[in-house]
Amino acid sequence: MKLLEDKILQEGNVLGEDILKVDGFINHQVDISLMEEIGRDMAEHFKDAGVTKVFTIESSGIAPSVFTAKELGVPLVILKKQNPKTLRTEVWQTEVVSYTKNTSYQLTLAKNYISDSDHILIIDDFLANGEAATGAIRLIRKAHATVAGLGVLIEKAFQPGHEKLESQGIHVYAQASIKAFENGKVVF
Ligand code: 5GP
């Protein structure tokens with residue numbers, strides 16, 4: 001998606017070997033017009049996939065998935081990274097290793113927001129090793145629902161996530177696919 005690639009080239013910052021900082025338009029400050037375009041593009045890509053719900057992981061996936069779900073006309077469910085005291089209901093949980101924080105968390109979904117007839121599109125900001133997406137897939141499968149696909153804004157194609165997921169039969173759509181970081185610059 002050219003609009004997103006241009007924004008990454010203009011405002012993204014490469015940190016060290018393998019992290020792209022995008023907090024001026026995705027993660028901290030949010031470019032709402034860009035998110036709206038991203039949502040339209042995601043919805044267009046998955047419009048014939050029979051999606052019944054969009055799932056995302058808090059918090060960076062929320063902004064783009066709001067617009068994706070709106071365009072598709074389906075509910076959005078935000079998977080939690082902890083089990084809030086207010087969630088007084090039965091939950092599905094699975095442990096996920098965080099790529100950026102080097103810790104793990106319990107990805108949590110209330111059982112009443114999924115049913116075995118759901119066909120779920122997962123949206124996230126980044127795809128790196130595929131841990132977050134694989135965790136979301138485990139939760140969906142625990143509930144005997146099915147996965148319509150994974151849509152990410154940015155994939156780092158030099159990391160194993162994309163291949164790992166495609167090898168499990170999951171369709172992955174990346175709006176911007178980064179081939180490499182070369183001398184602190186992004187190469188698509
Ligand atoms: P994975 O689970 O695929 O290994 O990593 C994906 C998750 O880690 C995403 O939800 C994202 O929040 C975070 N992440 C992975 N790589 C990057 C990166 O280069 N930049 C930022 N900002 N987040 C990343």
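Bear in mind these aren't lab numbers, they're just calculated from the coordinates by the rules spelled out. None of these values were measured; they are calculated from a predicted model. Here the Cβ positions follow ideal geometry from the backbone for every residue, glycine too, while neighbour counts run over all protein chains shown.
If r is the Cβ-Cβ distance from Glu182 to Lys70 and R0 is 45 Å, what FRET efficiency results, to the nearest 0.05? It comes to 0.75.
Quick one: among Lys101, Lys47, Lys80, which has the greatest mean-square fluctuation in a GNM of the chain with alpha-carbon springs under 10 angstrom? Among Lys101, Lys47, Lys80, the largest mean-square fluctuation in the Gaussian network model of the chain belongs to Lys101.
Give the aspartates and glutamates whose C-alpha is closer than 17 Å to that of Lys80, dropping any in the same chain fewer than 8 places away, or say none. Leaving aside aspartates and glutamates fewer than 8 places away in the same chain, those within reach of Lys80 are Glu58, Glu90, Glu95, Asp124, Asp125, Glu131.
For Lys2, the lysines whose Cα comes closer than 23 Å to its Cα, not counting residues fewer than 8 places off in the same chain, are Lys21, Lys47, Lys70, Lys156, Lys179, Lys185. Against the chain, whose longest principal axis comes from its Cα atoms, helix 32-45 is set at around 70 degrees.
Please report the antiparallel percentage of the DSSP beta bridges confined to the stretch 103-186, to the nearest 5. In the stretch 103-186, DSSP labels about 10 percent of beta bridges as antiparallel. Normalising the average separation of contacting C-alpha pairs (under 8 angstrom, six or more residues apart) by the number of residues puts the relative contact order of the chain at 19 percent. Taking every DSSP helix (H) stretch of at least 4 residues in the chain, weighting each as -39,500 (n - 2.57) and dividing the sum by the residue count yields a mean residue ellipticity at 222 nm of -8500 deg cm²/dmol. Compactness ratio for the chain: Cα radius of gyration over 2.2 N^0.38 Å (N = residue count) comes to 0.98.
In the chain, what percentage of the DSSP-assigned beta bridges are antiparallel, given to the nearest 5?
Once the DSSP bridges in the chain are tallied, antiparallel ones form about 40 percent.
A simple packing score, the average count of other Cβ atoms within 10 Å per residue, orders the peptides 14-22, 141-149 as 141-149, 14-22, with the highest score first.
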